[in-house]
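Structure record follows, encoded as structure tokens.
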Amino acid sequence: MELLDPTAESAPIARQGAPRLAAIEGGTIGLLDISKPRGDVFLDRLAELLAARNVTVRRYLKPTHARPASADLRSQIAGECDAVVEALAD
Amino acid sequence: MSRLAELDDGFLVVVKSDCETCQMVEPVLGAMSARTGVAIASQDDPSFPTGLKVIDDTALGLSWDLQTETTPTLYRIEKGKVVESATGWNREEWQRLTGIEGLGTGLPASRPGCGSKIFEPGTFERLNARSGGLRARRVIVAPAVDPFEAMMSLGWSDGLPVVPPTEDRVQRMLEGTSHDPAEIVCVMAPDLVECTVEKVAINAVIAGCKPEYLPVVLAGCEAVATDLFNIHGVAATTQFAGPVLIVNGPIRLELQMNSGINALGPGNRANATIGRAVNLVVRNLGGARPGGVDRSTLGSPAKWSLCFAEDEEGSPWEPLSIERGMAEGVSAVSAFAGHGPHEIVDQASRDAASLASSFAAQLRSVGHPKLMGFLDALVVVAPEHARVFTDSGWDKPRLRNELTERLTFDGDDVVRGAGGIAEGMPQHRVQPRMTKFRPDGLWFAHAGGTAGMFSGIISGWTGGPRGSQMATVSIDNWK
């Protein structure tokens, strides 16, 4: 369906990224393991580095990399974290 | 989409009653109509030819799509396309095209037609501009996506569902005005965006308006965008107000607007969608979004829609638009920065003095009982209260004077701290006697059901040149 834009067209239609964080220190960052092999190795090291910079780290796990994260999990991460890092290791 | 595509295969004759050749062939059209599938489109009078089913093409959309140069023109249509045509009256050609023998035997063999209405000065330009296409950005919604959800995600809505603004719907909406879609209606704050007729029409579509409401929506936008009304301040304030629209004049009846039972409530499409469309223009074009420039602490339903018609027929008083300087018989919309209503319940007063005292007691509370000359108000007087004033022989100026008298207080009583209430008039602004409303800060309109001794106060925002003043504009200019 083609629609006519009712706005002043001052913003692009495509979805914009979320605002970037000014700093990570003191914030909460989620690490999402998508269950790809050795993703945990990458995330474990990342967790160490983040902890050293005074970042609270929360770990999350997708049961399978073959399916998108569930709405509940996405909502949980959005509610608990300022940002998320997703490990795509293999 | 071309209007031609909607026609069945067969014959179409474009005529106008103001054409001697068309008048001459009237019996031929009757004969053809009896014999075969023939459609007749009239450019100027759908009751011509008499007794036949006629397509109303007074808007000239069909004639424009056909680029009809002459009336009458006989077309043979197949699958939405013209395959053959004959202009003016020519028996031989008409017989060959239709396959009907003996057409118009009593008539001359041929007669030239008349000029088509689409080429009349002014009309051609208008139609040409319109067919030049709409300029708004196209937003493609993928087939798997629900357009209603997409529009919500795009931020086009006030929170309620909106109608998808397809080109067909917007083109139909534009039929509601003779103005060019590219014409600038107003510059809308806070983003100071030039609002075209087309953009306002798109917002009228998403609000749920019918095309005939469009002139009121256009006038409403013009009114709120005036310096007088100051939509920037109204939208940005932490206070409650939104653009309240009061409609006067013949258009109220043409659009079947509600000025009776539940006039300030839901249930009438025109009341609901006209007010909503203007608010959506303020949001989508002006850029005043709640939490953005709109900083209202609590907001109010007036920011969705608070639009009603005055009950002029039942009113003992002159209509608001006349008081506001518009001529009689002119349709007009007045924009008032307000919210509410806050009720006046008085079921016991049978004389005007008593009822006016009730009005004054409630009106004192607008904003705060100790704030004077600050917030305006519009009182919607319902029939049973209006009757009490009329029975006592009070007209509108008398009521305003009596209320002003009752709403004038000693400065000592309204100064900050008086009565143990910190709020009130700052010491440096206190005068010996202080009046609640500015000289043009108290307005009246007549509306409501005939049962109920109630009136409604629509509380205003900061009045006067420092805030918002009522703005009244002609709707007829936007037809």
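Throughout, read-outs are computed from the coordinates displayed, never taken from laboratory work. All values derive from a computational prediction rather than experimental measurement. With ideal geometry, Cβ positions are generated from the backbone for all residues, glycine too; neighbour counts draw on all protein chains shown.
Within segment B:314-357, what residues put their amide N at less than 19 Å from the label point 7 Å along the Cα-to-Cβ vector of B:I261?
Correct set: B:314-315.
Among the listed pairs B:K370/B:K436; B:K303/B:K370; B:K16/B:K117; B:K199/B:K479, which have their C-alpha atoms separated by more than 18 angstrom in this model?
Violating the 18 Å Cα-Cα cut-off are B:K303/B:K370.
At B:R350 and A:E25, where each label point lies 7 Å from the Cα along Cα→Cβ, what is the point-to-point distance in nanometres?
If labels sit at B:R350 and A:E25, their model points lie 8.1 nm apart.
Projected onto the charge dipole of the protein assembly as shown (+1 at Lys/Arg Cβ, -1 at Asp/Glu Cβ, origin at the Cα centre), which of B:A109, B:P301, B:N401 gives the Cα projection farthest towards the positive end?
B:P301
For B:V217, B:V38, what ranking results if the residue with the fewest other Cβ atoms within 10 Å of its Cβ goes first?
By the 10 Å Cβ count, ascending: B:V38, B:V217.
Which whole number in µm²/s is D for chain A by Stokes-Einstein, with the Kirkwood Rh taken over Cα pairs at 4 °C and 1.567 mPa s?
In µm²/s, the coefficient rounds to 85.
In whole angstrom, note down how far apart the Cα centers of segment B:9-78 and segment B:342-358 are.
62 Å
Can you tell me, using C-alpha contacts under 8 Å and at least 6 residues apart, the relative contact order of chain B as a whole percent? Numbers along the way, then the final one.
On the way: 978 pairs, mean separation 66.7, N = 479.
Normalised by residue count, the contact order of chain B is 14 percent.
Report the percentage of all Cα-Cα pairs in the protein assembly as shown whose separation exceeds 35 Å, rounded to a whole percent. Show your work: numbers first, answer last.
Numbers: 90811 of 161596 pairs.
When every Cα pair of the protein assembly as shown is considered, 56 percent fall beyond 35 Å.
Got a sec to turn the phi values of segment B:383-393 into Karplus ³J(HN,Hα) couplings, 6.51 cos²θ - 1.76 cosθ + 1.60 with θ = phi - 60°, whole Hz, x for Gly and Pro?
Residue by residue, segment B:383-393 yields x, 5, 6, 4, 4, 4, 5, 5, 4, 8, x Hz.
Can you run phi through the Karplus equation (6.51, -1.76, 1.60; θ = phi - 60°) for segment B:103-119 and list ³J(HN,Hα) in whole Hz, with x for Gly and Pro?
3J(HN,Hα) across segment B:103-119, in whole Hz: 6, x, 4, x, 9, x, 5, 8, 7, x, x, 10, x, 6, 5, 5, 9.
How do B:H428, B:H385, B:H232 line up, fewest other C-beta atoms within 10 Å first?
Working: B:H428 5, B:H385 25, B:H232 20.
Going from least to most buried by this count: B:H428, B:H232, B:H385.
Under 4.7 Å Cβ to Cβ, no partner at all: give me those cysteines from the protein assembly as shown, in residue order.
A:C81, B:C186, B:C195, B:C209, B:C221, B:C307
Taking R0 as 25 Å, what's the FRET efficiency between B:T404 and B:S365 from their Cβ-Cβ distance, rounded to 0.05?
0.90
Given an 8 Å cut-off on Cα distances and at least 6 residues of separation, report the relative contact order of segment A:28-87 as a percent.
Taking the mean separation of contacting Cα pairs over the length of segment A:28-87, I get 58 percent.
Can you give me the Cα centroid spacing of segment B:232-257 and segment B:174-195 in angstrom?
Using only Cα atoms, the two centres lie 18 Å from each other.
Cα axis of helix A:39-52 to longest principal axis of chain A: angle in degrees, 0 to 90, nearest 10?
With rounding to tens, the tilt is 90 degrees.
So, in nm, how far is label A:E2 from label A:T56 when the simple model puts each one 7 Å beyond its Cα toward the Cβ?
In this crude label model, A:E2 to A:T56 measures out at 5.1 nm.
Give me the extension gain from B:T450 to B:D395: residue separation times 0.36 nm, minus the current Cα-Cα distance, reported in nm with one decimal.
On the way: separation 55, 0.36 × 55 = 19.80 nm, distance 1.93 nm.
Full extension from B:T450 to B:D395 adds 17.9 nm.
What ratio of Cα Rg to 2.2 N^0.38 Å holds for chain B?
It is 1.24.
To the nearest 0.05, how large is the calculated FRET efficiency for A:A78 and B:E167 if R₀ is 60 Å and r is the Cβ-Cβ distance?
That pair, A:A78 with B:E167, gives E of 0.95.
Taking neighbour Cβ counts within 10 Å as the exposure measure, how do B:H339, A:H65 sort from fewest upward?
By the 10 Å Cβ count, ascending: A:H65, B:H339.
B:T123 label point, 7 Å along Cα→Cβ, cut-off 11 Å on backbone N: hits in segment B:1-37?
Those under the cut-off are B:15-19.
Taking only DSSP H segments of four or more residues, each worth -39500 (n - 2.57), what value at 222 nm results for the protein assembly as shown once the sum is divided by all its residues, to the nearest 500 deg cm²/dmol?
Rounded to the nearest 500, it is -8000 deg cm²/dmol.
Given R₀ = 30 Å, what would the calculated FRET efficiency be for B:T58 paired with B:R289, taking r from the Cβ atoms and rounding to 0.05?
The formula returns an efficiency of 0.15 here.
Would you please give the residues with an amide H less than 5 Å from that of A:L31, counting only those at least 5 places away or on a separate chain, with H modeled from the backbone geometry?
Result for A:L31 returns A:R58, A:R59, A:Y60, A:V85.
Under a Cβ-only charge scheme (Lys and Arg +1, Asp and Glu -1), can you give me the dipole magnitude of segment A:28-87 about the Cα centre, in debye to the nearest 20?
160 debye
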